[in-house]
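**Student:** Take a look at this one; I'll ask things after.
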2 protein chains.
Amino acid sequence: MKQETRQEEIIRVAAQLFKEKGYSAVTMRDLATAMNIKAASLYNHINSKQDILESIIISIAEKFTVGMTSVLASDATCIEKLKEIIALHVEISSQNIYGMAALNHDWMHLEAQLNHYKKLRSDYENDFKTILIEGVNSGEIIDIKPDVMMFSILTTLRSLYLWIPKKEDVNLKELTNNLNEILIKGVVK
Amino acid sequence: MKQETRQEEIIRVAAQLFKEKGYSAVTMRDLATAMNIKAASLYNHINSKQDILESIIISIAEKFTVGMTSVLASDATCIEKLKEIIALHVEISSQNIYGMAALNHDWMHLEAQLNHYKKLRSDYENDFKTILIEGVNSGEIIDIKPDVMMFSILTTLRSLYLWIPKKEDVNLKELTNNLNEILIKGVVK
DNA sequence: CAAACAAACTAACAAGTGTTAGTTTGTTAG
DNA sequence: CTAACAAACTAACACTTGTTAGTTTGTTTG
């Protein structure tokens, strides 16, 4: 277990605060209080409030990009690729609960990195859609607008952070299995 | 078509701004600029920034409560009740796209009405879960944790505002049908 | 011991915040 | 015409914001 630097600690605590109130509503004094120091002291470790947001969001967004690249590379069936994506979201969300909140709620407050983030996101969505379209063409998947399917599945996966149990891995495996059932086969018996 | 009062106009424009940047990041001067007046002039029509947020969120939350009450009253099957809930979300979301953004992102910035909102939300979720549990008991619905099913379906429905087409009603009917398929029967063929 | 460093501090700033007070303007009703 | 009113304005307030400058404190290293 690598020791956390003071900077990483600040970013981690900031993400927790961002989850509760959002980036804009969290002040540097709030963050300092949570760290038990004064606001000015934060600047010994970080460059700006904006930098904190960038660190949180971009690092997670890039994890998704890496994960999607590996899903695309596999020669699994479309349904299996979907399951891999579901597992990817459960994995990343469970390990970055607070960061996922910032990614979902506060990406629009990015400045220098806004376009970078947007590109990562739209590439990800395009890859996702491509997988679905292949499934439709091969007959694996129902012939409904891929946009709607992607939206439906992806918004559920993106909201996992709101809901995921911080408990043991057992529950995460079970959650993944349940999501596989629900998102792919639906809820009807 | 009832004429919109100046106050309603301010609240409508505020909701649009809130959708883009969130409640905290929108200043009264931003809102005033969007209305082509000075910030102080807003206060001839509204009491406070907080009041605007309350108007937006509570009015929509209560629409959902009313809708759920009517779903519960029907003697339809569980699957049909689910479809009614889906239709309810498409209806309310399409008519309150900006307001839904505030409801989803900024409810935590409510002050006096925070507890009221939370109660409406948890009652709604309990009613939703009750419907699912009935479906599981009657064998209509797969036997997976109702919490996970509710979470999965409800987060998709709650995010509709991000995605709904502002186009014609035809598309809304089609969207509703597609969501019925995807959320209930899944995407697999 | 002395030098170096990490990490805290106090004090302050310029800009921005929601909001109030009091006033002006133009339109509507008696 | 005048009284009433809706709706805008200017000016200002007390407070909060992110951030900088310069300093102090305690620990680690040569």
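The values are calculated or read from the model by the stated rules, or taken from the named source; none is laboratory data. Because the structure is a prediction, the values reported are computed rather than measured. Using ideal geometry, Cβ is built from the backbone for each residue, glycine included, and neighbour counts are taken over all protein chains shown. Just the protein is used for accessible areas: all its heavy atoms, side chains included, with ligands, DNA and RNA removed. Shrake-Rupley method; radii C 1.70, N 1.55, O 1.52, S 1.80 Å.
**Student:** For the protein assembly as shown, report the accessible area per residue in Å² (1.4 Å probe, heavy atoms, rounded to an integer).
**Tutor:** 49
**Student:** Provide A:70, A:152, A:94 ordered by accessible surface of protein heavy atoms (probe 1.4 Å), highest first.
**Tutor:** Heavy-atom accessible area, descending, gives A:70, A:94, A:152.
**Student:** Still on this model: Could you give the nm distance between label points at residue B:189 and residue A:118, where each point is 7 Å from its Cα heading toward the beta carbon?
**Tutor:** 3.6
**Student:** While we're here: Hey, which aspartates and glutamates would be in cross-link range of residue B:21, C-alpha to C-alpha under 15 Å, not counting anything within fewer than 8 residues on its own chain?
**Tutor:** Counting by Cα, and skipping residues close in sequence, residue B:21 has these aspartates and glutamates nearby: A:106, A:111, B:30, B:106.
**Student:** Once label points are set 7 Å from the Cα along Cα→Cβ at both residue A:91 and residue B:174, what is their separation, rounded to one decimal in nm?
**Tutor:** If labels sit at residue A:91 and residue B:174, their model points lie 3.7 nm apart.
**Student:** Provide A:107, A:163 ordered by accessible surface of protein heavy atoms (probe 1.4 Å), highest first.
**Tutor:** A:163, A:107
**Student:** Count the net charge of all other residues whose Cβ sits under 15 Å from the Cβ of residue B:78, scoring Lys and Arg as +1 and Asp and Glu as -1.
**Tutor:** Counting the neighbours of residue B:78, the net charge comes to -2.
**Student:** If each label sits 7 angstrom from Cα along the C-beta direction, how far apart, in nm, is residue B:29 from its counterparts in the other copies?
**Tutor:** List, nearest first: 1.9 nm.
**Student:** Also: Find me the longest stretch of chain A that has none of the exposed GluC sites (Glu not before Pro), where exposed means in a DSSP loop (not H, G, I, E or B) with at most 16 other Cβ atoms within 10 Å.
**Tutor:** Between exposed loop sites, the widest span is A:5-110.
**Student:** Evaluate Rg over Rh across the protein assembly as shown, taking Cα atoms for both radii and Kirkwood's formula for Rh.
**Tutor:** 0.97
**Student:** Now for a separate question. Find every distance from the label point of residue A:129 to the corresponding label point in the other copies (7 Å from Cα along Cα→Cβ) and write them in nm, one decimal, shortest first.
**Tutor:** So the distances to the same position in the other copies read 3.6 nm.
**Student:** Further, regarding this structure: Given a 1.4 Å probe and the protein chains all in place, what does the accessible area of residue B:145 round to, in Å² to the nearest 10?
**Tutor:** Roll a 1.4 Å probe over it and residue B:145 shows about 100 Å².
**Student:** Let me ask you something else. Would you list A:69, B:155 from the most to the least accessible area, probe 1.4 Å?
**Tutor:** Of A:69, B:155, the descending order of accessible area is A:69, B:155.
**Student:** Can you give the accessible area of residue B:33 in Å² (nearest 10), computed on protein heavy atoms with a 1.4 Å probe?
**Tutor:** Result for residue B:33: roughly 100 Å² accessible.
**Student:** Continuing with this model, one more query. Please compute how much accessible surface disappears when A pairs with B, both sides summed, using a 1.4 Å probe, and round it to the nearest 100 Å².
**Tutor:** Buried area between the two chains comes out at roughly 3500 Å².
**Student:** For a test of the definition: using alpha carbon positions, the gyration tensor, and the 1.5 limit on a/c, classify the range B:48-185 as rounded, prolate or oblate.
**Tutor:** It comes out oblate by the Cα gyration axes.
**Student:** While we're here: Within 10 Å of each Cβ in A:25-35, how many Cβ atoms from other chains are there, averaged over the peptide?
**Tutor:** Partner-chain Cβ atoms within 10 Å, mean over residues of A:25-35: 1.
**Student:** Something else now. Using a 1.4 Å probe over the heavy atoms of the protein chains, calculate the carbon and sulfur portion of the accessible area of chain A as a whole percent.
**Tutor:** 49
**Student:** Percent relative contact order of the range B:48-185, based on C-alpha pairs within less than 8 angstrom and at least six residues apart?
**Tutor:** Relative contact order comes out at 34 percent.
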